[in-house]
Structure formats: structure tokens, C-alpha cells
Amino acid sequence: MSGTYLGMPAFPEAARTAVRNPTLRGNLRHATHTIRDKRARAVAELDDWAALREAGKRIKDHTLRHLDRYLVQVEETVTAAGGTVHWATDAQEANTIVTRLVRETGEHEVVKVKSMATQEIGLNEALEAEGIHAYETDLAELIVQLGKDRPSHILVPAIHRNRGEIRDIFRSEMSEWGRPAPEGLTDTPAELAEAARLHLREKFLRAKVGVSGANFVVAETGTLVVVESEGNGRMCLTLPETLISVVGIEKIVPAWRDLEVFLQTLPRSSTAERMNPYTSMWTGTTDEDGPRTFHLVLLDNGRTDTLADEVGRQALRCIRCSACLNVCPVYERAGGHAYGSVYPGPIGAILSPQLRGTGSEIDASLPYASSLCGACYEVCPVAIDIPEVLVHLRERVVQGGPAVRQGNRVVLKPAKGHAAERAAMRAAQWAFTRPGALRAGQRLASRTRRLHPRTLPGPGRAWTGSRDLPEVPAEPFRDWWQRTHGGRDGAK
């Protein structure tokens with residue numbers, strides 16, 4: 001990836017600041033509870049939701065196992081349909097390709113469909129450095145861009161803003177980017193939406209180049225799919241003369257029929273709709289219909305490294321619905337900015353450390369940004385076992401070990417600050433592999449239990465600061481079992 005947000009601290013420090021912001025917490029609580037309640041009702045309408053979830057998981061797993069074959073097929077079908085395929089190993093290469101393609105058109109501005117992939121590589125900043133202006137057209141992304149802010153949610157990037165804040169941003173910033181906000185603009189949703197519509201309309205009609213991502217790429221036909229709710233995507237995908245789509249290689253599905261599964265699960269899990277108001281599909285180019293030139297940039301940027309991890313690769317199933325964010329108690333309180341990545345919440349806590357590695361302080365902290373409650377796994381429409389991957393990545397942070405980085409097998413060193421944790425795990429391993437020592441330790445703990453403190457000292461102080469230390473029983477289970485013959489003597 002292009003790196004963490006400049007100046008971002010590790011998650012614990014960033015979260016500590018965020019939870020002290022009552023406005024932020026209020027905005028997040030209201031938004032996440034509203035979205036997840038609506039999602040629950042939408043999902044309950046389908047009797048076969050569990051079967052659809054399993055089908056989505058299997059389709060994604062099959063595709064990832066045979067990704068080499070499907071990538072070649074995508075190149076063949078997109079090229080046959082009149083498009084041009086480009087391969088980008090990392091963020092820098094992807095930005096170089098897109099910048100060159102825009103320059104070749106002679107244009108100095110582009111309109112953009114909401115895209116996590118282009119945020120991941122920092123495309124807007126790369127284009128700006130070359131004198132090319134990129135205009136976000138999704139309402140929430142527009143709010144973020146005008147406010148010189150960062151996205152904090154996968155589906156609703158401006159979820160941390162309330163209506164009053166959005167009104168103030170429109171009033172003060174719109175004029176610098178184009179058409180100013182109407183006089184007397186209030187914070188009613190209809191007026192804010194109309195202000196954005198008027199501001200963007202001139203950009204849609206003027207732009208010659210559009211940039212998008214894609215929710216899915218169908219290998220069988222070379223078709224790209226974008227689902228959205230506002231219509232801005234449809235405008236960006238059809239009006240410009242040149243369309244450039246930057247898509248992660250994990251977005252491929254094998255066949256057209258596979259969309260039947262995901263076009264049911266994605267809208268319900270994201271916007272709580274039965275289907276998205278706008279589902280745009282395009283295959284190459286067609287005379288007198290849509291862009292005359294189409295470029296597909298297939299982005300790796302750490303994905304093949306992630307694919308090499310048998311446990312962590314399931315993160316690549318993600319269809320970016322954001323359901324996991326809306327049920328996560330940690331995200332609800334800390335917000336998306338604390339994760340230091342365009343991928344916040346539970347999925348960001350497992351995806352970012354794999355795409356970027358765990359070498360930085362913030363990436364090493366992300367696997368710990370969870371209570372391991374499992375709510376994220378329960379709502380995931382492709383059954384990503386996020387808690388399993390979190391524990392797996394915690395082990396990697398603490399112990400180090402073999403991994404794949406930039407296509408090379410390496411041995412990672414343990415992250416700093418986990419010496420006590422490593423020592424505790426080694427002691428536990430030693431004890432659990434020696435039954436006699438374990439039994440003696442249990443008996444000693446039981447006989448001295450009245451002397452045990454209620455809180456732990458040193459590094460354990462943080463753990464017992466928010467929970468009770470479990471009380472040691474009067475005798476070990478093994479001793480009780482032997483004394484009562486497994487409870488048959490009636491002893492309690």
C-alpha cells in the first residue's frame with residue numbers, strides 16, 4: 001500500500017483521543033446503529049441467507065485458488081471487448097500508469113466514482129502532484145474532499161460528520177472547487193443533496209476522463225460491475241470519453257451467474273437495500289455508447305503476498321460491504337481514522353497489516369484493535385472469520401516467523417514491545433507440555449488464592465483495569481475429579 005496516513009500514531013493512542021470526542025461518538029453511535037438495524041431487517045427477508053453466504057464464500061475461495069488462470073482470462077476477455085489491460089505491482093506503478101493515461105488524453109481533470117482501491121494507492125494525491133485535478137462525485141466522498149478530511153468508513157466515508165458540519169463545509173469550501181453553495185443553505189438533507197447535485201453537474205458535463213474502481217470483474221465476459229445508490233457512478237461511467245478503472249485482483253468472479261449471489265448479499269449487507277438503485281455493468285467499448293476508450297488497471301499491491309498466507313488469505317474474500325464496521329464495538333467508539341488506513345474497522349484490522357506488513361507501529365497494533373467478540377464474523381456475507389485472522393496476526397506480531405513480502409519468502413522479526421507477552425506464552429507452553437509441573441502450579445495457586453491481588457501489576461495493569469481477575473478455585477479440577485470419582489460420590 002502507499003503507506004499509513006502521515007503522522008498517524010498507533011491505534012491505542014489514536015483511539016484514546018477519539019473516544020474523548022463526544023460529537024464523534026454521538027455521530028458514530030447514531031449512524032452505525034441505524035445502518036445495522038436496517039441491515040438485520042433486510043437480511044431477515046431471505047430464507048436462504050445462510051446458503052447465499054456459503055455460496056459467496058465458496059465462489060471467492062475457488063477464485064482465489066485459481067486466481068492465476070482467471071487473471072489471464074480477464075485480460076483476454078477485456079482485450080477482446082475493446083479494452084486495454086495494465087498490470088500494477090504496487091501503488092507507485094498504478095499511479096504512474098493512470099497519470100500517463102490521463103496525460104495522453106490532454107486533459108487536466110478527472111471525475112471519480114467512489115473507489116477504495118484508488119484511495120489505497122493515494123491516486124488523488126499522485127494526480128494532483130502532476131497538475132491533474134481529481135473530483136470525487138460520491139456525496140460522502142465529496143464531503144471528505146471539500147473538508148480536506150480523510151474517509152472514516154468503507155460505505156459512508158463521512159460518517160463522522162453530522163449535518164451541521166456538512167453544511168458549514170459546503171458553505172466555506174464549495175466555491176474553491178467550482179459552483180458555490182446556494183445562499184442560505186441549511187442542514188436539511190434535501191438542501192445538502194441539492195447543493196452537491198448542482199455543484200457536481202457541471203463537472204459531469206465537462207469531464208472527458210472518468211476514473212472508477214469495480215465491485216466485481218467477471219472473467220467469463222470481461223464485464224466490470226459498479227453498484228451505487230446516487231447515480232454519480234453512472235454519470236462517471238457513461239459520459240466521459242475515456243474510462244480508467246483501477247481494480248484489485250481479488251475482485252474477480254469466474255462467471256456471470258456468480259453475480260446472482262453477490263447482487264443479493266452486497267446491497268443487503270451494505271445499504272440494507274434489496275438491490276442497489278444503480279447497478280452499472282460494462283464490457284469493453286461500444287460505438288456511440290459510453291466511453292470510446294477503456295483501460296483496466298489490475299492492482300496487486302500486497303494481494304499476492306496475502307494470498308500466500310493460508311489463514312490470512314480469507315480477507316481477500318471481502319466485498320467491501322462494511323457490515324463488520326457497523327456491529328464492531330471498537331469501531332463504534334474509536335471511529336475509522338484511528339485505524340490509520342483507508343480500510344477501517346475489523347476488516348481493516350486484518351487487511352491493512354497483510355497488504356502493508358506489520359513493520360510499522362500502527363500496523364503492528366491493528367490486530368489488537370478488537371475485542372474478539374465475533375460479531376464481525378456473524379454478519380460477514382462471505383463468512384470471513386475475522387477473529388481467527390486477528391489471532392493469527394497477533395501471533396505474527398509477537399513471535400515473528402515466516403511470511404511473504406513483495407513476492408519473497410522472509411522471516412519476520414518480532415515487533416518491539418511484546419517481550420513480556422512472548423515470555424508469558426513461552427512459560428505457558430513449557431507448563432502445558434509438562435503435566436506434573438502444571439498440576440503442581442495449579443495446587444500452589446489454589447492454596448495461595450487468598451493472597452492473590454485483585455489487579456495485575458506491570459503490563460497486566462491495563463488488562464485488569466477494565467475487567468475482574470478470575471478467581472482461582474479452591475482446588476484444581478484434576479484433584480476434584482480424583483476425590484469425587486468424577487462427581488459420582490455426590491460431592492460438589
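The values are calculated or read from the model by the stated rules, or taken from the named source; none is laboratory data. Here the structure is a predicted model, which is why all the values come from computation and not from measurement. Note: ideal-geometry Cβ built from the backbone for every residue, glycine included; neighbour counts use all protein chains shown. Note: areas computed on protein heavy atoms with side chains; ligands, DNA, RNA excluded. Shrake-Rupley method; radii C 1.70, N 1.55, O 1.52, S 1.80 Å.
How would the stretch 1-127 be classified by its alpha-carbon gyration tensor: rounded, prolate or oblate, with rounded meaning a/c under 1.5 and the a/b versus b/c comparison settling the rest?
Oblate is the answer for the stretch 1-127, as a/c is 1.5 or above yet b/c matches or exceeds a/b.
Once you order the gyration tensor axes a ≥ b ≥ c over the Cα atoms, which shape class does the stretch 199-243 get: rounded for a/c under 1.5, otherwise prolate or oblate by comparing a/b with b/c?
Judged from the Cα gyration tensor, the stretch 199-243 comes out oblate (a/c at least 1.5, b/c at or above a/b).
Solvent-accessible surface of the stretch 381-492, taken per residue with a 1.4 Å probe and all protein chains present: 74 Å².
Share of carbon and sulfur in the accessible area of the stretch 199-316 stands at 46%, probe radius 1.4 Å. Taking all Cα pairs closer than 8 Å and separated by 6 or more residues, the relative contact order of the stretch 60-171 comes to 16 percent. Think of a 1.4 Å ball rolled over the protein heavy atoms: the stretch 1-158 then has 48 Å² of accessible area per residue.
Give the shape of the stretch 389-466 as rounded, prolate or oblate, defined through the alpha-carbon gyration tensor: a ≥ b ≥ c are the square roots of its eigenvalues, a/c under 1.5 means rounded, and otherwise the shape is prolate if a/b is larger than b/c and oblate if not. It would help to have the intermediate numbers written out before the result.
Numbers: a/c = 3.64, a/b = 1.83, b/c = 1.99.
Oblate is the answer for the stretch 389-466, as a/c is 1.5 or above yet b/c matches or exceeds a/b.
For GluC sites (Glu not before Pro), no site in the stretch 323-432 is both called loop by DSSP and has at most 16 other Cβ atoms within 10 Å. The label-point distance for GLU288 and LEU456, in a model that sets each label 7 Å from Cα toward Cβ, rounds to 7.3 nm. Once the cut-off is 42 Å, how many percent of the Cα-Cα pairs in the chain end up in the long-distance tail? Percentage above 42 Å: 24. With 0.36 nm allotted per residue and the present C-alpha distance subtracted, the ARG179-ALA428 stretch has 83.2 nm of extension available. Between PHE216 and VAL225, the built amide H atoms are under 5 Å apart, and every one of these is 5 or more places off in sequence or on another chain. Within the shell of other residues whose beta carbon sits under 14 angstrom from the beta carbon of THR285, the net charge comes to -3, with Lys and Arg scored +1 and Asp and Glu -1. Averaging the Cα positions of each part gives two centres, and for the stretch 9-44 and the stretch 204-232 these lie 29 Å apart. Under a model in which nothing but the beta-carbon of Lys, Arg (+1) and Asp, Glu (-1) is charged, the chain shows a dipole of about 2940 debye around its Cα centre. Using C-alpha pairs below 8 Å separated by at least 6 residues, the relative contact order for the chain is 19 percent. Can you find, among VAL330, ASN301, GLN314, the residue farthest towards the positive end of the dipole of the stretch 239-361? Put +1 on the C-beta of Lys and Arg, -1 on that of Asp and Glu. Farthest towards the positive end: VAL330.
In the chain, the DSSP-assigned H stretches of four residues or longer account for a calculated mean residue ellipticity at 222 nm of -14500 deg cm²/dmol, using -39500 (n - 2.57) per stretch and the full residue count as denominator. On a per residue basis, the stretch 204-358 carries 29 Å² of accessible surface, using protein heavy atoms and a 1.4 Å probe.
Magnitude of the charge dipole for the stretch 257-368, about its Cα centre and with charges confined to Cβ atoms of Lys, Arg (+1) and Asp, Glu (-1), is about 280 debye. Could you name the aspartates and glutamates whose alpha carbon sits less than 14 Å from that of LYS203, not counting residues in the same chain fewer than 8 places away? LYS203 reaches GLU107, GLU109, GLU136, ASP138, GLU176, GLU241.
Just to confirm my numbers, what's the Cα centroid distance between the stretch 233-306 and the stretch 315-349 in Å? What the calculation gives is 22 Å, centre to centre.
At what distance in angstrom do the alpha carbon centres of the stretch 429-492 and the stretch 167-181 lie from each other? Taking the Cα centre of the stretch 167-181 as reference, the centre of the stretch 429-492 is 64 Å away. When you filter the GluC sites (Glu not before Pro) in the stretch 178-223 for DSSP loop state and at most 16 other Cβ atoms inside 10 Å of their Cβ, you are left with GLU183, GLU220. Cross-link reach is defined here as a Cα-Cα straight distance under 21 Å, omitting same-chain residues fewer than 8 places apart; for LYS57 the lysines meeting it are LYS251.
Within the stretch 409-486, the trypsin sites (Lys or Arg not before Pro) that combine a DSSP coil assignment with at most 10 other C-beta atoms in a 10 angstrom radius are LYS416, ARG454, ARG467. For LEU412, the residues whose amide H sits under 5 Å from its own are GLY401, ALA403, ignoring neighbours fewer than 5 places away on the same chain, with H placed 1.01 Å from N.
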